[in-house]
Every structure is written in structure tokens, then in C-alpha cells.
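K.L.:
The structure's right below; bear with me while I get my questions together.
The values are calculated or read from the model by the stated rules, or taken from the named source; none is laboratory data. Everything quoted here is computed from the prediction, not taken from an experiment. For neighbour counting, all protein chains shown are included, and Cβ atoms are generated from backbone atoms with ideal geometry for every residue, glycine included.
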Amino acid sequence: MDNQPEICFVASEMYPFSKSGGLADVIGVLPLTMHKMGYKVCVITPLYGRILTANFRPRLVYEDLKVGYPWPETTTDVYRADFKGMPVYFLERGEYFDRRYYYCTYKGDYFDNCERFIFFCRAAISLMQAFETPPKIVHSHDWHAALVNPYLYYQRRFNPYWKNTSTVFSIHNLAFQGRFSVRLFWDCGLPYEAWNMNGVEYYDSFNLLKGGIAYADKITTVSPSYAEEIITPEFGCGLEGILQNRSSDLQGILNGSDYEIWDPSKDRFLEANYSYDDLYGKHLCKKDLLKLLNLSDKLLSRPVVGFIGRLRDQKGIDLLMELIPELVSLNVGVVVLGEGDSRYEIELMNMVESFMGHVAGIVGYTEEMAHIIQAGTDIFLMPSRYEPCGLTQMYSLRYGTPPVATAVGGLKDTIIPYPDEDATGFIFQQPLVLNFFDEIKNALNLYQDADAWKEMIIRGMRADFSWRRSAEEYIQLYENFGYDL
Ligand code: ADP
Ligand code: GLC
């Protein structure tokens, strides 16, 4: 087959084909960046039902490829698309992936998530084994793809096809581990010896993420600060022990920002485009946002704060909810886009009702609104309790919307905090309401000083988090195995 991939990404989401959060953004751009740099890269991902309905027709390349799980006879069909010249392989098994949501409904996780992603990992390996030559690097992401690592670890012992392949596992969020009953381990195809405290076992449960950490040759996470945090009990989500054991193989590589998609000078979702040397379009975007969300036009001359993200404790949405009445009393507009925990969704709707014209809330997931809010608000709020990297603050910097964020993970690594003379945003230490409010007030004060505010906006818009730098770091990591890629 032409263009044999040497680097295979295995991940459960890839923008624009599927997305529930930042993982999809990363898989939509990092491999492509490597491809553009001349490396032979491919992505392997599930064929979710919606991909075919989205008027997108990948080509069937393997029919009935044997997977052998959950039944010895189980197979997968594999479809291939060229995404801007890079091959993307979609693994098809309708019973598992043709569903309304990716991982859960409002009632909770799909009951068969473990089987779904065991199947995914085993099917990915079957596919790579069908290639003419084995890949040099298999780079898997998060708990859904984690089992690729123990499978390949054991395959390498007896299957010569795999003996020159190395594995890299990236943790995008340690809190999502994929923990299941031991029962599901028995027939997953790993040898019994993997069931131990240095393997996939975690207090009697089958922990897929832990399997990735235990068996990958190298482990990365998405910012240098998060790499330091996750070896501590405060941020380690119970896996700090094994991460400490593997700390010499653990590295933090900061994510980037996809400026093909997230750039106000060419963003097709915006009412007007703008750049740091001409900010007039941002004013028009704010006007458009206020109109679109039925917010008072008086807010045009007042600061409007924005939040985009999963409505979960991780993101500190509860801290913002508590502050909304205070912000309204300061005559500040508030715009929230998110979905997640139903109690926060309901609380948000109540806030909208109580503060009509001052607070707008959209419960749901719309890519277009995320762009419109980034451009149309003045200050971006990100009071996360932990943040492996965070992409939205990088987007907000580019959109001239200085962030107010907690001093954690990637937020610390991407925002230069006020009052530094190079400041691009605002950082507060502990995720507490009072700290958050104090920092928002600092931002509101600076906003009053039009010149100083504009300077901060311009510094943020000029900050460069392009993916090439991150891609080079990953390539270096791959080459350290001794490959000539
Ligand atoms: P996480 O991956 O933890 O959710 P990130 O900041 O890394 O956080 O990435 C979140 C991505 O998901 C961004 O592209 C953001 O714009 C998008 N996003 C989050 N919530 C929504 C939503 N409700 N509607 C549209 N896009 C959203
Ligand atoms: C996760 C993290 C987020 C990170 C994203 C992409 O979802 O929560 O901080 O930016 O993955 O790596």
C-alpha cells in the first residue's frame, strides 16, 4: 500500500469527524501538522454513526478484518479517508459506535463502555497488523485507547511483526480512567500476569488508563505543569504512585492552538473579522453577540465575560455560578456556553431567567457559538480546579479576550499573569470564590484603562502557540527511540 504510515495515532475523537472536548481538537491538528512536516502519519478512530450522516463518505478498505473480541468471530470493517492528504482510518462496528452520544447519556455512562473500547483497541491493532510493514510508533490517547499499550507490550514478546514498534501514551485528563469490573478483564485478551498492582489492576478494578501508564514505552501529558502535578496526591487521582514509578519516562508537552480554525482574522463564523492591528471587527462581534443572545445593548460599553466548557466541577463552573449575581450588580454581562452536569444546567437557566438581558446561557454543544463567544466577549473565565492543558484560554488569547484563570496545569503555562509588564491575562492561586472574584475585579479595573487594556489584548493576540513547536517535541521523543523517521 502506498504511503505506509510509520506513526499511528489511536484516539476516540478527531475534529471535525467527532468531538466532545479538547482531545478531538488535538487529534484534528497534531498528526496533520506532522504530516505537513513530511512524516508518514495516520489516525485510527471509531466510525461513529454521525460521521456517515454528515455527508462524508470514507472508502471501505478492509472488509471483515478479524478482531476476535468479544466473540472469536467478531470482525470490523475499516474505512479510509484522506484528511487534507493524511490517511484517517475509521473502525466500524455499528453496535458499538452508531449511537447518539459518544460515551454517556444524561442517565450516565453507556453500560458497555469497557467492551466498546476493548474492541476499539483490538481492532486498531488488527488494522495495523494488516499494513504491509509495521508502524514504528503507535501513539495512543486517553483511557479509550490505553489498552493498545499492554496489548502491544505482550504482542512484542511473541509476535515478530511488532518487535520494532515503540509505544507512546498521552494523558489528556487523568480524572477519566475507564474503571470497570474485574469480570471484563478475564476475556479481554491480556495474560493473567497483567492483573497486578503494577499492571491494569487498581484496587480490584480493571483500570484502562492505568494499563496505558504501566505498559507504554513513553508517557506524555499535555503541559509541563500538569506533568509535575500528576505525580502528587493532590492531582494524581489515585495514580500518583505508578506515575512516580514511571516519572523518568513521563514528559509534559504543551498543546498548541489550531490557527487555521481559531483565528479571528479568518474565522468564517464571525460577523466581522479582525486582527491585532485593527480591532474594530471585535466591537462588531460584540454587538452581534448581544443582539443574538438578547442581551441589553447597554452592555456594549460595559465588560462582558464569557465561559465555554463542560459544566463540570473540573471547570469550576460552580464558582462562576456563585458570582453571577455579583457580576450583574457591577453591571457586567455574562455569557455561558456549556453542557454537562444537569444541576449546573438548571442553575444556569435559573440565572438567565433572574437576570434577563444581563446573563445569557446556552446549554448544548455548538461549535459556531464557541467562536462567536470567543470573539464577542471582553474577558474569558476559566476557574478550573485542574486543567491538563486547556485550549479555550489559548483561543481566547488569540481572540483578544484576556482570560482570568486558576494557577493550574496548562493555564499556568500559557498565560502571563497581570501585573507582569508582559501580562496577557489574570491568574489566581486557589479555586475559591473570593480569589476568583478578586482577580475578576483586577481585570475589570484594567478594562477601565482603555490603553492598558488594548495593550494586553494585543500581547495576547500576538502570543504564538502554533502546533509546529509541539509536533517537533513529539518527533524528538519518537526519534529518541532510535528511529529515523
Ligand atoms: P476540555 O477538553 O477539558 O473540555 P479544552 O479547553 O481543552 O477543555 O477544550 C474544549 C474544547 O471543546 C474547545 O474546542 C471548546 O471550544 C469546546 N467546547 C467545550 N464546550 C463546548 C460547547 N458547549 N459548545 C461548543 N464547544 C465547546
Ligand atoms: C482534556 C483536558 C484539557 C486538554 C484537552 C486536550 O480534555 O481536560 O485540559 O486541553 O484534553 O489535551
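K.L.:
Among the numbered criteria (1) under 27 Å from L320 (Cα atoms); (2) among the hydrophobic types (A, V, I, L, M, F, W, C); (3) over 27 Å from the mean Cα position of the chain (by Cα), which one does L279 miss?
P.N.:
Result: L279 passes all but (1).
K.L.:
In the range 326-350, what residues are more than 19 Å from D297 (Cα to Cα) and either of a type in the set (D, E) or in a helix (DSSP H, G or I) (or both)?
P.N.:
Filtering the range 326-350 for residues more than 19 Å from D297 (Cα to Cα) gives 326, 337-350.
Scanning the range 326-350 gives E326, E339, D341, S342, R343, Y344, E345, I346, E347, L348, M349, N350.
K.L.:
Right, here's the next one. Report, by residue number, each residue of the range 320-351 that is over 23 Å from T366 (Cα atoms) and surrounded by fewer than 22 Cβ atoms within 10 Å (Cβ to Cβ).
P.N.:
E322, L323, P325, E326, V328, S329, L330, N331
K.L.:
I've got another one for you. List the pairs whose first member sits in the range 96-120 and is among the hydrophobic types (A, V, I, L, M, F, W, C), whose second member is surrounded by fewer than 19 Cβ atoms within 10 Å (Cβ to Cβ) and part of a helix (DSSP H, G or I), and whose Cβ atoms are under 9 Å apart, counting only residues at least 6 apart or on separate chains?
P.N.:
Within 9 Å, the pairs are F97/G49; C114/L184; I118/L184.
K.L.:
I would also like to ask the following. Could we say that E387 is more than 16 Å from the chain's Cα centre (by Cα) and in the same structural domain as V305 (by TED's automatic domain parsing) here?
P.N.:
No: the conditions fail for E387.
K.L.:
Among the helices (runs of 4 or more DSSP H) lying completely within the range 224-306, list those that include at least 2 residues that are outside the structural domain of L411 (by TED's automatic domain parsing) and crowded, with 22+ Cβ neighbours inside 10 Å.
P.N.:
224-229
K.L.:
Can you pull out every residue in the range 1-31 that is surrounded by fewer than 24 Cβ atoms within 10 Å (Cβ to Cβ), more than 16 Å from ligand 1 (Cβ to nearest atom) and of a type in the set (A, V, I, L, M, F, W, C)?
P.N.:
M1, I7
K.L.:
Specify the residue that is surrounded by the most Cβ atoms within 10 Å (Cβ to Cβ); the eligible residues are those in the range 385-412 that are more than 11 Å from ligand 1 (Cβ to nearest atom) and among the charged types (D, E, K, R).
P.N.:
R398
K.L.:
On to the next question. Search the range 302-336 for residues being among the charged types (D, E, K, R) and in contact with a strand residue (DSSP E or B) (Cβ under 8 Å, 6 or more places away or on another chain), and hand back the single one that is farthest from ligand 2 (Cβ to nearest atom).
P.N.:
R302
K.L.:
For a quick check of your reading: which strands (runs of 3 or more DSSP E) sit entirely within the range 1-93 and have at least 3 residues that are within 21 Å of H139 (Cβ to Cβ), modelled with pLDDT under 95 and touching a strand residue (DSSP E or B) at 6+ places or on another chain (Cβ under 9 Å)? Don't jump to the end; show me each part of the working.
P.N.:
Numbers: elements: 7-10, 41-46, 59-66, 75-83, 86-92.
The strands (runs of 3 or more DSSP E) meeting that bar are 75-83.
K.L.:
Within the range 207-238, can you find the residues that are out of contact with any strand residue (DSSP E or B) (no Cβ under 8 Å at 6 or more places or on another chain) and under 23 Å from L184 (Cβ atoms)?
P.N.:
G211, A214, C237
K.L.:
Please find, within the range 203-223, the residue that is farthest from ligand 1 (Cβ to nearest atom) out of those that are surrounded by 21 or more Cβ atoms within 10 Å (Cβ to Cβ) and among the small types (G, A, S).
P.N.:
Looking at the filtered set, the residue picked out is A214.
K.L.:
Now for a different question. Out of all the residues in the range 354-396, which are closer than 23 Å to Q448 by Cβ and β-branched (V, I, T)?
P.N.:
Once the filter is applied, which keeps residues that are closer than 23 Å to Q448 by Cβ and β-branched (V, I, T), the range 354-396 yields V359, I373, T377, I379.
K.L.:
Continuing with this model, one more query. If a residue has to be touching a strand residue (DSSP E or B) at 6+ places or on another chain (Cβ under 7 Å), within 11 Å of ligand 2 (Cβ to nearest atom) and at negative phi to count, how many in the range 388-399 make the cut?
P.N.:
Residues in the range 388-399 being touching a strand residue (DSSP E or B) at 6+ places or on another chain (Cβ under 7 Å), within 11 Å of ligand 2 (Cβ to nearest atom) and at negative phi: 3 in total.
K.L.:
Within the range 182-197, is there a residue that is within 16 Å of ligand 2 (Cβ to nearest atom), assigned by TED's automatic domain parsing to the domain that holds Q244, at pLDDT 95 or above and crowded, with 21+ Cβ neighbours inside 10 Å?
P.N.:
Looking through the range 182-197, none of the residues is within 16 Å of ligand 2 (Cβ to nearest atom), assigned by TED's automatic domain parsing to the domain that holds Q244, at pLDDT 95 or above and crowded, with 21+ Cβ neighbours inside 10 Å.
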